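This report concerns only the one structure given below.
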Amino acid sequence: MKNFYSKYLGDELWQIKEIGFKRGLQNIRESQFSLGNGLIGSRAALEEKPKGAQPGLYLSGLYDSLTAQVDELVNLPNPFYFKFIAFGQKIGITAMDIVSHTRTLNTQNGTLSRHTVYADNKKRRYDYQSIRFLSMDNKNIGVMQIVLTPLDSDLELECQTGIDTSVYNSGVVTEGRKRHFAISELGQQDNSKILVIKTSGKQLNVIYRSGLYYKIGAKKRIYAEGNALRIKLKKNQRVVFTKIFYISSFLQKKDLEKNKIKSKKVFSKVLKSSFKTLINKHSQTWKVLWDQSDIIIEGTADIQKNIRFNIYHLLICVHFDQGLSSIGARTLSGEGYRGHIFWDAEIFLLPFYAYQYPEAAKNMLLYRYRRINQARALAKEKGYSGVLFPWESADSGKEETPSWAKNLDGTIIKIKTAEFEQHIVADVAYACYKYFQISADYDFLEDYGYEIIFESARFWASRVKRNKKGKVSIADIMGPDEFHEKVNNNAYTNLMAQWNLKIGQNLYQQFKKKKKKYNQLKSKLNLTDKEVKQWGKIAAEITVKIKRNKVIEQFDGFFRKDYIEIVNFDENNIPLLPEGVKVKDYNKTQFVKQADVVMALYLLGDNFDYKTKESNFWFYLRRTLHKSSLSASVHALAAAEIGALSRAYQFFNVALRADISDLHGNTHEGIHAASLGGVWQCIIYGFAGVKIEKNILSLAPYMPLTWQSIKFNLLFKGARWEFQVRKKEVRVKACIRAKSKLKIIIFGKIHTINANRIYNFKVKKQIKKISLAEKYY
């Protein structure tokens, strides 16, 4: 039987395939093949909902907590649901014998197609094909089409469909599974059905509209009046079902009735559209996204496919809602971390969006700004000034970190990140500044960014204390290395706090030039020149301990902890949990969970020399267990910066395959957002050598040996920059409407170029320092 949807599959370099069905991989595939458009995310559960399936349909920013200890992303009714019965037997992946089965995620156009051939208990075969997508053209719309053909006999086919409301949120350590909504309205209107659900705690409403029609052969479409159908088919006669649905954004009670009217008007028009029209509009929007965001690696096909898998999952999070929502640690592909937003969003994800879709990056920062009063309240509650952003955030802006979680060894432990991991304050301020550097969005800086950065600096000024010796100290803190809780002077925290105070002081002086807005904000914050001057003094007193060989002590007393050599590694050269040491005792050792000092040296690289970066990379590499998806990409970036190319490529591959290969063993909970963003940074910052020097875009490629070139685009200060980089050559074109001259730094030299012209710059040899030997400190 021919593939009915072959023209939508794309070529191999865009395809992620499942060949055959393995029950143990079912929930992993649901995450990997997730669909999304920024507003809606849907796990790729098979439409017949076999045993063990975990369907998930999520709306960006919709959380509830009536039956949970903290807010969590609400798993909503599932519209991708069908049940077919032939001769009393369910047509399904676990109910019949599978003759063949293939699913294909086409990352180029955001479609998930399927071709399965079944055999029932009488050996009668059924050809089953389907395709589904969440529209990028109209983000409230989703479409699914199914083609079913009996191959060996006539058939009276039974079909049951509708919106599956039997879904639930998965259970967690201290709670069982739960449902966060109730049905408030259900009905039929013309050729469509309406379902309105209301969340249990916050009483938020979501409107569903759906319509189903089918065609047999060349006949006209027949609309289904109910959710159950019986259709008579001849042998080899196919029936095509098309299901179209509408899902609203979540709504307050006062907005419900007018949105019911609006949704009916929109949906009625869409339901009349042809499937071809809907999928073509959807695909055209995807083409625009990929024209901006594709990265083409010449030299290795496997890497290319996996890179596009990562970028695809970044693209299905692109959303603009004026800061109503941001991007959670597991995107909208699963319920890991309950859908909460962490520092991952600002540090790992935001650079991709800032260079590709600045409005999406701005949206992420507006998410923090919209909740700045809650951050002020949290800081005040703990006895500090300024803002303290919650470690885990949902929709309200309050702290959402749960009390308990599973440790690496499966034991249940008390979670203390909300109490001690406060570097997120500087992380958000850092993201605001980096977004401005890339976008030159002065309106954002003046209306929102300054306030976030000044209030963050104010927090750190109140957070530092003087110890018995009169020295400034940030005590009782936790850095990214969460093995060590409640330490003093964590290097990452101290360095980021110091940066935050300095940049706050510098921007305050710059802001004075905008007298009106400066005076307004100064009055709003009750900010004085004296207070800001004190920020600079405090920053100058914040220190980290550095050994003679330039190794920075991760926190006070770290060097006195037990050093235990890491001797066992997996096939990816990632350490296995050391034998003979209990996980609860890691705090007594120099084991590091993830990049900490190395992370600080990467983010604040301009403040440190090559020797410092090299010494710390090799020192902490021997101590880091990489038990976080955030760690591999940062180590790849740090290795690339010191010229340790083999190490950079090794860690890059670990980050790249985090979810496509389920390297962390928890992809079933959703895709690791930080790893997605980290991979993009590895390619653009690490191997293409992109950075900002003196507010000028700079490139100095340092590529893997098997790569011949990297082709990519960046948006920088209003211009679209098109690049193709080779090891000793950079091809560049700056696209901007106005005739203008722009500056760029290539291989360390500043060049002035004309807009809309192609330039080639070459160098005889690479200028990167090479760190070849693994050094021991």
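The values are calculated or read from the model by the stated rules, or taken from the named source; none is laboratory data. No experiment lies behind these values; they were computed from the predicted model shown. Note that each Cβ is placed from the backbone with ideal geometry, even for glycine, and that neighbours are counted across all protein chains shown. Heads up: the accessible areas ignore ligands, DNA and RNA and are worked out on the full protein's heavy atoms, side chains in. Shrake-Rupley method; radii C 1.70, N 1.55, O 1.52, S 1.80 Å.
Let me spell it out: the conditions are (1) open to solvent by 60 Å² or more (accessible area, probe 1.4 Å); (2) aliphatic (A, V, I, L, M); (3) not in a loop (DSSP other than H, G, I, E, B), and L601 meets all of them except one. Which number is the exception? L601 satisfies all of (1) open to solvent by 60 Å² or more (accessible area, probe 1.4 Å); (2) aliphatic (A, V, I, L, M); (3) not in a loop (DSSP other than H, G, I, E, B) except (1). Scanning segment 367-390 for residues that are among the basic types (K, R), outside any loop (DSSP other than H, G, I, E, B) and within 24 Å of the chain's Cα centre (by Cα) yields one hit, R368. The condition (being surrounded by 18 or more Cβ atoms within 10 Å (Cβ to Cβ) and in contact (Cβ under 8 Å) with a residue 12 or more places away in the chain) is satisfied by just one residue among L66, L59, L13: L59.
For G470, the test of being open to solvent by 10 Å² or more (accessible area, probe 1.4 Å) and over 30 Å from L576 (Cα atoms) is passed. Pairs meeting the criteria (first residue in segment 228-255 and touching a residue at least 12 places away in the same chain (Cβ under 8 Å) and within 12 Å of L148 (Cα to Cα), second residue hydroxyl-bearing (S, T, Y) and open to solvent by less than 50 Å² (accessible area, probe 1.4 Å), beta carbons under 6 Å, at least 6 apart or on different chains) are K235/S153; R238/T149; V239/Y214; F241/Y214; T242/Y213. Cβ-Cβ contacts under 9 Å between residues 6 or more apart (or on different chains), taken from a first residue in segment 699-720 that is within 17 Å of N760 (Cα to Cα) to a second residue that is surrounded by fewer than 20 Cβ atoms within 10 Å (Cβ to Cβ) and aromatic (F, W, Y), are listed as L699/F761.
Candidates V117, V167: the one that is of a type in the set (V, I, T), in a loop (DSSP other than H, G, I, E, B) and in contact (Cβ under 8 Å) with a residue 24 or more places away in the chain is V167.
Among the residues of segment 25-40, none qualifies, meaning not one is touching a residue at least 12 places away in the same chain (Cβ under 8 Å), among the aromatic types (F, W, Y) and surrounded by fewer than 17 Cβ atoms within 10 Å (Cβ to Cβ). Looking at this structure, is N573 surrounded by fewer than 16 Cβ atoms within 10 Å (Cβ to Cβ), on the phi > 0 side of the Ramachandran plot and within 33 Å of the chain's Cα centre (by Cα)? Here the answer is yes, as N573 does meet what is asked. Number of residues in segment 122-164 that are open to solvent by 10 Å² or more (accessible area, probe 1.4 Å), over 13 Å from F241 (Cβ atoms), touching a residue at least 40 places away in the same chain (Cβ under 8 Å) and in a strand (DSSP E or B): the value is 2. Listed by position, the helices (runs of 4 or more DSSP H) inside segment 408-520 whose residues that are within 22 Å of D344 (Cα to Cα) and in contact with a His (Cβ under 9 Å, 6 or more places away or on another chain) number at least 2 are 491-511. Checked against the criteria, S113 does not count as among the polar types (S, T, N, Q) and farther than 20 Å from I141 by Cβ. For segment 317-332, the criterion of being out of contact with any strand residue (DSSP E or B) (no Cβ under 7 Å at 6 or more places or on another chain), open to solvent by 20 Å² or more (accessible area, probe 1.4 Å), part of a helix (DSSP H, G or I) and of a type in the set (A, V, I, L, M, F, W, C) is satisfied by no residue at all. Restricting attention to segment 417-456 and to residues that are more than 21 Å from K515 (Cα to Cα) and of a type in the set (S, T, Y), the residue that is surrounded by the fewest Cβ atoms within 10 Å (Cβ to Cβ) turns out to be T417. Being out of contact with any His (no Cβ under 6 Å at 6 or more places or on another chain), at pLDDT 95 or above and of a type in the set (S, T, Y) holds for only one residue in S153, S192, and it is S153.
If you scan segment 550-589, which residues turn out to be assigned to a loop (DSSP other than H, G, I, E, B) and under 21 Å from A636 (Cβ atoms)? Those that are assigned to a loop (DSSP other than H, G, I, E, B) and under 21 Å from A636 (Cβ atoms): V551, Q554, I566, D570, E571, N572, N573, I574, L576.
Within segment 240-274, being assigned to a helix (DSSP H, G or I) and open to solvent by 50 Å² or more (accessible area, probe 1.4 Å) holds for K253, K254, E257, K258, I261, K262, K264, K265, K269, K272.
With respect to the conditions (1) within 30 Å of F444 (Cα to Cα); (2) surrounded by 14 or more Cβ atoms within 10 Å (Cβ to Cβ); (3) of a type outside the set (V, I, T); (4) free of Cβ contacts under 8 Å to residues at least 60 places away in the same chain, K545 falls short on a single one, namely (1).
For segment 642-660, the count of residues that are part of a loop (DSSP other than H, G, I, E, B), under 26 Å from N760 (Cα atoms) and open to solvent by less than 10 Å² (accessible area, probe 1.4 Å) is at least one.
Out of all the residues in segment 391-400, is one or more part of a helix (DSSP H, G or I), charged (D, E, K, R), modelled with pLDDT of 95 or more and surrounded by 18 or more Cβ atoms within 10 Å (Cβ to Cβ)? Scanning segment 391-400, I find no residue that is part of a helix (DSSP H, G or I), charged (D, E, K, R), modelled with pLDDT of 95 or more and surrounded by 18 or more Cβ atoms within 10 Å (Cβ to Cβ), so the answer is no.
Only a single criterion out of (1) of a type in the set (K, R); (2) open to solvent by less than 10 Å² (accessible area, probe 1.4 Å); (3) farther than 30 Å from I296 by Cβ is not satisfied by K382, namely (2). The set of residues in segment 738-755 that are open to solvent by 50 Å² or more (accessible area, probe 1.4 Å) and polar (S, T, N, Q) contains only T752.
For segment 576-592, a residue qualifies if it is open to solvent by 40 Å² or more (accessible area, probe 1.4 Å) and either closer than 22 Å to M478 by Cβ or modelled with pLDDT of 95 or more (or both), and the qualifying residues are L577, K582, K584, N587, K588. Taking first residues from segment 628-650 that are acidic (D, E) and partners that are in a helix (DSSP H, G or I), the Cβ contacts under 7 Å between residues at least 6 apart in sequence or on separate chains come to E641/G605; E641/K613. Within the option set I194, I183, being touching a residue at least 40 places away in the same chain (Cβ under 8 Å) and in a strand (DSSP E or B) holds for one residue only, I194. Residue-level analysis places Y492 among those that are of a type outside the set (D, E, K, R) and farther than 18 Å from R458 by Cα.
Contact map, segment 725-737: residues that are crowded, with 21+ Cβ neighbours inside 10 Å paired with residues that are of a type in the set (S, T, Y) and at pLDDT 95 or above, Cβ distance under 8 Å, separation 6+ or inter-chain. Pairs shown: V725/S709; V732/Y759. Number of residues in segment 604-620 that are open to solvent by 20 Å² or more (accessible area, probe 1.4 Å) and under 17 Å from A648 (Cα atoms): the value is 2.
Residues checked against (1) over 30 Å from Y337 (Cα atoms); (2) more than 25 Å from the chain's Cα centre (by Cα); (3) of a type in the set (K, R):
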residue: Y126; (1), (2), (3): yes, yes, no
residue: V143; (1), (2), (3): no, no, no
residue: V147; (1), (2), (3): yes, yes, no
residue: S170; (1), (2), (3): no, no, no
residue: K198; (1), (2), (3): no, yes, yes
residue: Y208; (1), (2), (3): no, yes, no
